[in-house]
1. Counting partner chain Cβ atoms within 10 Å of every residue's Cβ in B:81-93, what's the average?
2. Tell me, what does the Kirkwood hydrodynamic radius of region B:2-159 come to in angstroms if you use every pair of distinct C-alpha atoms?
3. Taking R0 as 41 Å, what FRET efficiency do you get between residue A:379 and residue A:689 from their Cβ-Cβ distance, rounded to the nearest 0.05?
4. Let me know the mean shielding of B:100-111 by other chains, meaning the per-residue number of their Cβ atoms within 10 Å of its Cβ.
5. Specify the residue with the greatest mean-square fluctuation among B:42, B:106, B:138, computed from a Gaussian network of chain B linking alpha-carbon atoms under 10 Å apart.
6. So what's the angle, to the nearest 10 degrees on a 0 to 90 scale, between helix B:140-158 and the longest Cα principal axis of chain B?
7. Identify which of B:76, B:88, B:16 has the largest mean-square fluctuation in a Gaussian network model of chain B, with springs joining Cα atoms closer than 10 Å.
8. Find how many whole Å separate the alpha carbon centroid of region A:555-626 from the alpha carbon centroid of region A:259-310.
């Protein structure tokens, strides 16, 4: 990576390090109840405490102050601090800014809040029952920009959104199927755990708001903050340093509103850093229940699939409706299924709000459909590899969304994953006739496979500016966020390749919305593809300008000029040439600025889910081998082999890191990651002692990451998320082949495995 | 309440007034501006705040600053001269043994201690020694390769 030296010397700057003159420390008071009416908030004593710069409560919002304080990505269901109700344990109720941490903590303790408890709903099924306590009433207003993506619904229910996909006639499909299988799979809430927590610093002066924040979406943050503060976009500046990890958690508004309102009120800069405990109540992966019904012929041909999925989006919807839609639209998997009917809902409840997490709804989907694929293979007595092969989507097939697919490589990916674990049909425990006679030790091994198809956000837009300086060096001005994925390195490589300028003459900006052009977001594995394409176009614009200016200076026709080795020369006359720097100087423009934008088109019909779901589809397969200790129930993953279609790899090592990172992230969700709630909606494991993430102790001895390319194409495919979603099902399938235990609820804790082994024995 | 203590950080040796309830991590970040040590979990589980205390890896987020008095404290900033890299740092660069790098100073300092104790670690020994440092981005395989490489380089240097 380009900034490697700063990274290994500890000198790279995170938002965590931001310090401003006279900066105050902000802290948040949070609800102890999952659902309660706020009767009284009295911050008088806190305000009078020496060293307190500002206290923020619901009294700072509403008609009296001209500030609604309402926001939300899809629905305006969130407020800067709680107004009338709190909706989950951890919901921000008030905030203070003070000279130091201790004073801020003391001030929080002086804020008096009286609550009137209300009945709460925690589970997505319970929340949808008639008469269930309503989390939001009346139904919050939808953001206009989402009206074509998410259907608005009538109020009076906790049903937040309902994505529908209708293809063929699923009832007819089930009628003609030889067998119909129905299974239910559940995923729990899980944490992102970026090691750098959410951090925001803000300063408000002379009707301009400046926000330093650890976010993946600088421009979206700017737009939402401008709306909250009634400011033009130009008067909100969002600056983003490198992130200490994001994984989707740092997208929507988080600390920005509270920090900025505190700063405005205190007339001093304020910074808030979340503790790990607060991270746990800020955002998480959607718990989801996926009911999947699949019709199949005796020979293994898939005929029909019906899915009913409920994504628990918690107290505030954030981007949850789009997560439910994204998971829903991919639930037919990488398979040809003529009849598909999908209903995928987001549901409000009184638990921690769920948002985007690496995979964006697809992990919950793949966990269900790839587990069921193995279960069906067993019921039909088929090799799960052959069963998948038989049904794989191929070039020019039509996907469940009705779009024709191109550049499809599922067969090679599956073959790669299978061969890397030496899969043979006897690895399916039901096809291994000698298994029963084998002398068995307490440690049993098994192999498993799983596949994934995943969209990238479509439509989407990225813009880039390339500033060619007087010495021929290049500033790449972009708003892509460096989260550790290596975005700046890969994008510098693309600029270097396009302009023939060496990497040590290129600098890539960090996002600063005052200076860097628009980018929709750093998410959805889109940066290399989308921003890379914008840079390529900007380079085209810059090269045209170089040719035009050189033609004038050299008194030649632009058509007679060629670009070679970072110089513009008259064809066939090498001595008549100019370096980029000379052209910039002699152009009398100070410097040359190339501009480029890249946007994709698409969208799905609200009633049928038909249309363009993705500009191209991300494709992957994974193989794994596990060892299960039948005496303890503990699962050890021995091998993982993630394979992705990358189109064209820009940086092989960074690509490997993404694949390995996905596999390890998925391993955590498969084996132990789960947010556990008590009976009253309070989270019980809010620290990294009680909530474990994978360490060196957990990872397999071997990992074999493979990125397939298409030599005939320069198309770039994002690879940042694709191989997370199939990990859980691959491990689940391997555990089944090892010990015959089929789990339907993640994660596969040793206790669950042991209980199932005991039940089977009994 | 503040207390004056004598801290030896990265070669300096000075008296400093610290709050008795403040951790070494807070003092390193707020008084010394050594930002290479970072809080990840606040309870000594993740290793992002690792510093060397008399050459032993220590979680600075759960150690009161006053208890570090008299001990040699090394942060990532003290590992090498500005402009020069320690062989472990160079190996981490050469293997791209990080993504977001929030955890990297902790891994490098733990590696320094590992290689001082055991110049020829096996993969299993590396994994066991570094199991207290967490990398959420999952760069473990590259870290493992970097540590093996650093060990070889450091042996070559001292041989």
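1. For peptide B:81-93, the averaged partner shielding equals 2.
2. Values: mean 1/r = 0.0631 Å⁻¹.
Hydrodynamic radius (Kirkwood, Cα pairs) of region B:2-159 is 15.9 Å.
3. Values: r = 42 Å, r/R0 = 1.02.
Efficiency, rounded to the nearest 0.05: 0.45.
4. Per-residue shielding by partner chains comes out at 6.
5. B:138
6. For B:140-158 against chain B, the angle is about 90 degrees.
7. Sorting by GNM fluctuation, first place goes to B:16.
8. If you average the Cα positions of each part, the centres end up 35 Å apart.
All of the numbers you see were taken from the coordinates with simple rules; none came from a lab. Quantities reported herein were computed from a predicted structural model and do not represent experimental measurements. In this analysis, Cβ positions are derived from the backbone assuming ideal geometry, glycine residues included, and neighbour counts consider all displayed protein chains.
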